[in-house]
1. What net charge is computed for the residues neighbouring Ser208, neighbours being all others with C-beta under 15 Å from the C-beta of Ser208, Lys and Arg scored +1, Asp and Glu -1?
2. What are the ³J(HN,Hα) couplings of the range 352-359, residue after residue, when phi is run through the Karplus curve with 6.51, -1.76, 1.60 and θ = phi - 60°? Round to Hz, x for glycine and proline.
3. Taking the alpha-carbon centroid of each part, what is the distance from the range 186-260 to the range 267-285 in angstrom?
4. Taking H as built 1.01 Å from N, whose amide H comes closer than 5 Å to the amide H of Arg231, not counting residues under 5 places away?
5. Take the Cα radius of gyration of the range 120-223 and divide it by 2.2 N^0.38 Å, with N its residue count; two decimals is plenty.
6. Please compute the modelled spin-label separation between Glu304 and Arg110, points set 7 Å along Cα→Cβ, answer in nm with one decimal.
7. Name the residues whose placed amide hydrogens come within less than 5 Å of the amide hydrogen of Ser112, ignoring near sequence neighbours (fewer than 5 apart) on the same chain.
8. Using modelled backbone amide H atoms (1.01 Å from N, in-plane), which distant-in-sequence or interchain residues come within less than 5 Å of Trp257's amide H?
Amino acid sequence: MWRDLWNLTTAGLASAATEVGRPVREMGGTARDAAKAGALHALAVTDTIDAFRQSPPLPTKPVARRTTAAASVPVQPRVLPARPQGLGHLRGWETEVPLPVSGTFTTPARGSLRADAVLTAPEDGVPVLFVEVDNHTEPAAVVARKIEAYRRFFQRTTKNHRGRDVPFWSTLWDDTDRDGYPPLALVFAKNVSPDTAMNRIKTIRDLSTTCWQGTWQSGSKYDHTSKDGYRDYAATVPVIATTLTRLQRHGPHGPVWWRYGHPDWETLTDALDNPTNHRAYRLREEQRHSKRNVQEQQERQEREETLRRQKAAAWLCPTCGREVLPDDGWETTPPGGDCSVCTSTKNRERETAEALAAEEGAEREEAKRNGLFGFLR
């Protein structure tokens, strides 16, 4: 793989020297060992930062010419292309940041890693965002191991001035109010087909599942068939992935992020959200509780309205004088009839009388059969 290397002309160097306020003799040198030192990756990181920032191109300052053209041709102002909304300022970026799993930031121990770039943009709601740029030069398993190294770094603790354990990373960057550790953005810089890029994104996702998935926690059973719960992201790394092409075209706020564990491309805000965490579960519980309260209130109002109608149509029982409602007791009571207690008592008395009459009738029939001539049979 190769790229053309461009140098400024003498006039270009003079213009650049004017802009930065440096002598012309100090402008222009080409790094002899740039390619050996990883210039392709450094360029990709620079392009990634520019895609995040989406800073509009600035018009160059015209260079004074020594000769005057014979015919003065009016120069039309060049319309600069509009770019999407960017994220952060240049001063919020750091590159090649050491992340020591042991040791210090200035002297990291062996086995530590370096973040390609780190963005702090609290003014845009991003306290800290770690960025890894992938040129497809390493196997997917190596990139997945980097995610695991990030998690080991985030798991490291240290003592604060009160002697309490605090995350080591929080001694340098502000904490976030989101679940889990600070987010990690994977930017795939190689210009490949969408299918090839997506396959690599998914492969790294599958190889790093334990780092970002979280643990499922069972919650309440809110009906006879459905059981709700949530995922605990306390010890996970939120991983969001995109391609440099998407980032350059739509900017960091566009639907360019594929959050590991989410189903589709999302904006940065949605990608950093955890719709299955305890906060979301608690919100669903509150909604279900409110729904139950509304339903119970409706049922209570219906019962009160039914009772009001019944009392309006009530009468006194002709037998005992008790107030009788239209639907009193176990069965519908006809208007003006006895209450359920008197009706039940009269039914029992009638059934008892009928049973006694049937028994007496059977005895009479038996007496007839066993009368004076019963001995002849």
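Where a number appears in this text, it was derived from the coordinates with a stated rule and is not lab data. Worth saying up front: this structure is predicted, and the values here are computed from it rather than measured. Here Cβ is always computed from backbone atoms with ideal geometry, including for glycine, and neighbour counts include all displayed protein chains.
1. On the way: positive: Arg145, Lys146, Arg151, Arg152, Arg200, Lys202, Arg205, Arg259; negative: Glu132, Asp134, Glu138, Glu148, Asp206.
Local net charge: +3.
2. Per residue, the Karplus-derived 3J(HN,Hα) values read 5, 5, 5, 5, 5, 5, 5, 5 Hz.
3. Centre-to-centre distance over Cα atoms comes out at 13 Å.
4. Gln217, Asn277, His278
5. Values: Rg = 17.1 Å, N = 104, 2.2 N^0.38 = 12.8 Å.
Against the compact-globule rule of thumb, the ratio is 1.33.
6. Output for this residue pair reads 7.8 nm.
7. Val101
8. Excluding prolines and chain starts, which carry no amide H, the hits are Glu266.
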